[in-house]
Protein chains: 2
Amino acid sequence: MSYPASTTTPLYLTGNQAGLKEFLDKFDVGARSPECECVLWSGDHLFPGTVETLELLRKKGKQIVFVTNNSTKSRADYKKKLEGLGIPSTVEEIFSSSYSSSIYISRILQLPANKRKVFVIGESGIEQELRSENVPFIGGTDPAYRRDVTADDYKQIAAGDPSVIDPEVGVVLVGLDFHLNYIKLALAFHYIKRGAVFLATNIDSTLPNSGTLFPGAGSMSAPLIMMLGQDPVALGKPSQAMMDAIEGKFQFDRSRACMVGDRANTDIRFGLEGQLGGTLGVLTGVSSKEDFVSGPVKPLAYLDKLADLLGAES
Amino acid sequence: MSYPASTTTPLYLTGNQAGLKEFLDKFDVGARSPECECVLWSGDHLFPGTVETLELLRKKGKQIVFVTNNSTKSRADYKKKLEGLGIPSTVEEIFSSSYSSSIYISRILQLPANKRKVFVIGESGIEQELRSENVPFIGGTDPAYRRDVTADDYKQIAAGDPSVIDPEVGVVLVGLDFHLNYIKLALAFHYIKRGAVFLATNIDSTLPNSGTLFPGAGSMSAPLIMMLGQDPVALGKPSQAMMDAIEGKFQFDRSRACMVGDRANTDIRFGLEGQLGGTLGVLTGVSSKEDFVSGPVKPLAYLDKLADLLGAES
């Protein structure tokens, strides 16, 4: 069996034992990167066979990396989430967009000493990862920013009053924020207008929950993109800044790595643009068979569900 | 003097008495439509000469219509605002995007009897104008929607539970909302996914205040546009739905009407696309001389400030 180029029709591997074995053998060293939500579970519901599948992969010596664009959780939060679902993991196996963003800010952006502070739109996961890289920040979950805009705010923001506009802010980082409000958007806009770098943990417009979709991190950036006429640098999938960070940490051979995911335009694109040896779509999430077979971004192969990999052993 | 086509270099009329007189004479019957903010005042500061200029125009028999995209105020609110600044006006002279939206919903959209309710993202101005047209609505300033999203919300929204998803909602109307939050965005998204018509009072991404810019009504729609991959029908300038509504009310001759405004891409475009006889830019707001002279949307003429019209008399 020879593998088709990723622009040709993907292989359907569910129930194809020989095909599954060959597929798994092809990726015995590289990072295997399943998006967690919609691949391993949906909401609080673990897909049947998930734990056994991960066990099989580990038994075969595969390095597993959980790559997630969910920016509301830190890596430690994610480990807890996985454990709660009965999935064994380590913090080191987890790569979240909040972690990726923190690394980008602390190690790649060359910020002047007096512009090192980050204004955060997002939840505690971002804050924890910024702390882990010793990056100073304001905003985020601070209750002082969970309030209505006032007449004084307009005047003070317009005047650049240091009581509301911190002169040390050199970065605006936007992730999923369940407490997004007018004052946060106004401040983010003014910081960027004053020269701050505009970053987004990720650009997924929606967030899967309870079998449907809700506003995602990309939707938090949307008002700013419209006001500024400027896109953020995005640090989650499919941004290759995230792939570079993963590679820097795990030192794997890209030709022997496979990206597994449910979204053609983020997960599969991430693997293809990162020139990984393989990409594997699963049909338990956002993209349909139609998307994988006929869409513009085709995985190397696809399965009905991740646990179909167990068919390699049956 | 002959008037250039609106795609050629606009006339600079400040200090040009003969030019000003000729310009004013050209528009002795039509609706004169200044955007209020940035034309008459900025923040709470009335530009010098505004009242005298309006007096001059009224003395010359011009019908004045205050056309505003500000959706947070009703027409009655606007009259109060004008009076507070010392500008005499009547409710009938005022045309706001909230009023335009209400007319569109009540008189133009043919909604089934069981889908007549509007889910509002916006402030009380929209609510007052919906009431004036007897349009039922939910959302808006209701404190029940000014809260954090809960785990139950996800499940209930996903299930279409009538305790959170009102089955009679047939329209989502998005205007400027100083209390925008996650739950409102999530509900608006689900109503539209379930078939509700997606309307926006206006698409201005920014709102002028205190000499700078803040998030505008267009920014409230931006997350939904990104999630849905769909633009709303916009009822404010430059939408011609608003021009049609103004014409329906005032029965004026478009060739003898002049649109006055500070924004090339909304005010001036509104007048040009509505084939008004004239468009007049003022430099006290968003667009610069560069925008008016070299941009893609050129007014027929422009002034440093509205009160320069007084030069016709000096």
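The table that follows gives values for the structure above.
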{"read-out": "Chain A - percent of accessible surface contributed by carbon and sulfur, probe 1.4 Å", "value": "50 percent"}
{"read-out": "Additional length obtainable on full extension of the chain from A:ARG254 to A:LYS80, 0.36 nm per residue less Cα span", "value": "59.8 nm"}
{"read-out": "Residue-count net charge about B:GLN230 - beta-carbon cut-off 14 Å; Lys, Arg +1, Asp, Glu -1", "value": "+1"}
{"read-out": "Lys/Arg +1, Asp/Glu -1 at C-beta; region A:112-234 dipole; positive extreme among A:PRO167, A:PRO208, A:LEU180", "value": "A:PRO167"}
{"read-out": "Spacing of the two label points (7 Å from each Cα toward its C-beta) at A:LEU109 and B:LYS59, in nm", "value": "5.7 nm"}
{"read-out": "Minimum Cβ-to-axis distance in chain A for the rotation onto chain B, with residue, whole Å", "value": "A:ALA222, 2"}
{"read-out": "Distances in nm from A:GLU22 to the matching label points in the other copies, shortest first (labels 7 Å along Cα to Cβ)", "value": "8.2"}
{"read-out": "Position A:HIS45, label points 7 Å along Cα→Cβ, spacing to each other copy in nm (shortest first, one decimal)", "value": "5.9"}
{"read-out": "Stretch gain in nm, segment A:ASP244-A:GLN275, where the contour uses 0.36 nm per residue and the Cα spacing is subtracted", "value": "10.0 nm"}
{"read-out": "Shielding by other protein chains, B:219-231, mean Cβ within 10 Å", "value": "6"}
{"read-out": "Model label zone, B:VAL233; criterion: amide N under 12 Å from point 7 Å along Cα-to-beta-carbon; scope region B:103-122", "value": "B:103-112"}
{"read-out": "Efficiency of FRET from Cβ geometry, A:ALA151 and B:LYS26, R₀ 60 Å, rounded to 0.05", "value": "0.90"}
{"read-out": "Surface accessible to a 1.4 Å probe, B:ASP244 within the full protein complex, Å²", "value": "90 Å²"}
{"read-out": "Gyration tensor verdict on the protein assembly as shown (Cα atoms; rounded if a/c is under 1.5, prolate if a/b is larger than b/c, oblate otherwise)", "value": "prolate"}
{"read-out": "Partner chain coverage, peptide B:145-155 - average Cβ within 10 angstrom", "value": "3"}
{"read-out": "Shape category assigned to region B:173-314 from the gyration tensor of Cα positions, a/c cut at 1.5", "value": "prolate"}
{"read-out": "Over chain B - Rg/Rh using Cα atoms and the Kirkwood inverse-distance radius", "value": "1.01"}
{"read-out": "Value of [θ]222 nm, deg cm²/dmol, for chain A, DSSP H segments ≥ 4, -39500 (n - 2.57) each, nearest 500", "value": "-9000 deg cm²/dmol"}
{"read-out": "Entries of B:LYS62/B:LYS237; A:LYS59/A:LYS249; B:LYS81/B:LYS237; A:LYS80/A:LYS298; A:LYS184/B:LYS80; A:LYS155/A:LYS193 with Cα pairs more than 28 Å apart", "value": "A:LYS80/A:LYS298; A:LYS184/B:LYS80"}
{"read-out": "Nearest-10 value in Å² for the accessible area of B:THR14, using the 1.4 Å probe", "value": "40 Å²"}
{"read-out": "Label spacing, shortest first and in nm, from B:ASP304 to its equivalents in the remaining copies (7 angstrom along Cα→Cβ)", "value": "7.7"}
{"read-out": "C-alpha center-to-center spacing [region B:264-293, region B:217-237] in angstrom", "value": "23 Å"}
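The values are calculated or read from the model by the stated rules, or taken from the named source; none is laboratory data. Note that the coordinates shown come from a computational prediction; the quantities given were computed from them, not determined experimentally. Please note: Cβ atoms are built from the backbone with ideal geometry, for glycine as well, and neighbour counts cover all protein chains shown. All accessible areas refer to the heavy atoms of the entire protein, side chains included, with ligands and DNA or RNA removed. Shrake-Rupley method; radii C 1.70, N 1.55, O 1.52, S 1.80 Å.
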